[in-house]
Amino acid sequence: MDKKKGSKVGRPTAIRGRGEAQWNCPRWRLVAAFGAVMALLLATADAGKYSGMVEDYGCDYETVNRLNEEVLHPILQELVKTSFFRYFKVKLWCDCPFWPDDGMCHLRDCSVCECPDNEFPELFKEPSKARLADNMACQEGKPQAAVNRTLDNPWTHDDETDNAGMTYVNLQLNPERYTGYSGPSARRIWDAIYKENCAKYPSKESCSEQKVLYKLISGLHSSISVHIASDYLIDEVLQLWDENLDLLHDRVMRHPERIRNLYFTFFFVLRAVTKAADYLEQFEYNTGNSQEELKTTQSLVRELVFNPKIRAACPLPIDEAQLWKGEEGPELMHQIQKQFRNISAMMDCVGCEKCRLWGKLQVLGLGTALDILFSGNVTSNLIQPLQLERNEIIALINFLNRLSESVKFVHEMGPKAEKLVKGKVNATPKKNSSQ
């Protein structure tokens, strides 16, 4: 999908008025103009110089970048290459439930290379154990359907227990990158996603829960844009791929709120992974391959979820218990879950196979993080133990890896993108005053 993105760290301070009378004064106009210029300079400053606390988190950007570079990114890079996390089960050919699917990308890189039956682990052909019990109990009209959350993820559209139409994809052979999918079809996807999420709630009136969902969608969007810019087809004839720093600046770096939302989403998903540490440690990662590989996977998972540096750096990234409070909490959660399920369903409207693959994976990963953090937080006497499907765990870790890569690329290449664009602006010939 063509994607716009999050901007960088730091919060430029905007000058606000102190009354109409003051604004009529030339002095105050000068102050306001100076403030606006300073805000612009801060927004477009060297990306590596952004500092301060990540919005809504008790951690600063410098710590996040260092933690990601030294700890998270190396672990995740190894983890997603293992047999367990490399293969993702997905439905690629569902009809769009909202409008005719009329958008197609024009590059061969848009297509997905599926796994033959003899490639992905034999054990993956067996149903995952987590949500199998009483599978028929969660049917419309039966009372259990309202309370048994162990059967389906209430945040996502696809049923991960249904193998009909599913195919396995080797994610290492189908990287998220530029595909040429753009134009009205791609824009319609994102327009619909944002409209579904926030059109009903003007920003000044949004409650905390609605703002969180918006930030997560924006952070996801930003991360996707970063990956397009980091792996861009520079020359289709020569099949030359490289970074596109102009695109990175246009879609991400010049929008500070997008980078803030990228970091917010990164922290949010990391919080979900660490909260589910015990569950993830005990999950069955056997793929039928060697015991040595199994031990490596288990070791990497433990290193990720129990890492002392992660816990020491940001002890409580988000206090999810503060959300969904009051009498309207349960109703609000069901409402936002419905919105997110619609966003999940919109992935079937993406007219590009590879974009659809990564869109589905990352939305499922985000939905899994939401499930981990918010299940049991609504006022209820029925708090179910956490139960996740194999595919949800695969999506969760791969999505965290995508966010980790985006944060790393923005931190390292953002300053170059800023300088590149600034140099082009300064090199632009000035028009003759007589013209």
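The values are calculated or read from the model by the stated rules, or taken from the named source; none is laboratory data. All of these numbers come straight from a predicted model, not from anything done at the bench. Every residue, glycine among them, receives a Cβ derived from its backbone with ideal geometry; neighbour counts consider all protein chains shown. These accessible areas exclude ligands, DNA and RNA; they are computed on the full protein's heavy atoms, side chains included. Shrake-Rupley method; radii C 1.70, N 1.55, O 1.52, S 1.80 Å.
Quick look at the numbers
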| item | result |
| --- | --- |
| Residue among Leu216, Leu171, Leu238 that alone is among the aliphatic types (A, V, I, L, M) and surrounded by fewer than 16 Cβ atoms within 10 Å (Cβ to Cβ) | Leu238 |
| Residue in the range 282-300 that is surrounded by the fewest Cβ atoms within 10 Å (Cβ to Cβ), counting only those that are in a helix (DSSP H, G or I) and of a type outside the set (D, E, K, R) | Gln291 |
| Every pair of residues 6+ apart whose Cβ atoms lie under 8 Å, when the first sits in the range 60-73 and is at pLDDT below 90 while the second is small (Gly, Ala, Ser) and open to solvent by less than 10 Å² (accessible area, probe 1.4 Å) | Tyr61/Gly10 |
| Verdict on Leu370 being surrounded by 21 or more Cβ atoms within 10 Å (Cβ to Cβ), in a loop (DSSP other than H, G, I, E, B), of a type outside the set (Ser, Thr, Tyr) and modelled with pLDDT of 75 or more | no |
| Count of the range 252-264 residues which are in a helix (DSSP H, G or I) and over 12 Å from Val64 (Cβ atoms) | 6 |
| Lone unmet requirement of (1) under 18 Å from Phe84 (Cα atoms); (2) open to solvent by 10 Å² or more (accessible area, probe 1.4 Å); (3) outside any helix (DSSP H, G or I) for Glu327 | (1) |
| Any hit, the range 273-282, residues being within 30 Å of Ala192 (Cα to Cα) and not hydroxyl-bearing (Ser, Thr, Tyr) | yes |
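To keep it simple, each residue is scored yes or no on (1) modelled with pLDDT under 85; (2) open to solvent by 40 Å² or more (accessible area, probe 1.4 Å); (3) among the aliphatic types (A, V, I, L, M).
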{"residue": "Leu280", "(1), (2), (3)": "no, no, yes"}
{"residue": "Glu303", "(1), (2), (3)": "no, yes, no"}
{"residue": "Cys314", "(1), (2), (3)": "yes, no, no"}
{"residue": "Ala321", "(1), (2), (3)": "yes, yes, yes"}
{"residue": "Gln337", "(1), (2), (3)": "no, no, no"}
{"residue": "Met346", "(1), (2), (3)": "no, no, yes"}
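The rows are residues; the columns are (1) in contact with a strand residue (DSSP E or B) (Cβ under 6 Å, 6 or more places away or on another chain); (2) in a strand (DSSP E or B); (3) at pLDDT 70 or above; (4) surrounded by 15 or more Cβ atoms within 10 Å (Cβ to Cβ).
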position	(1), (2), (3), (4)
Lys89	yes, yes, yes, yes
Cys94	no, no, yes, yes
Asp117	no, no, yes, no
Ser128	no, no, no, yes
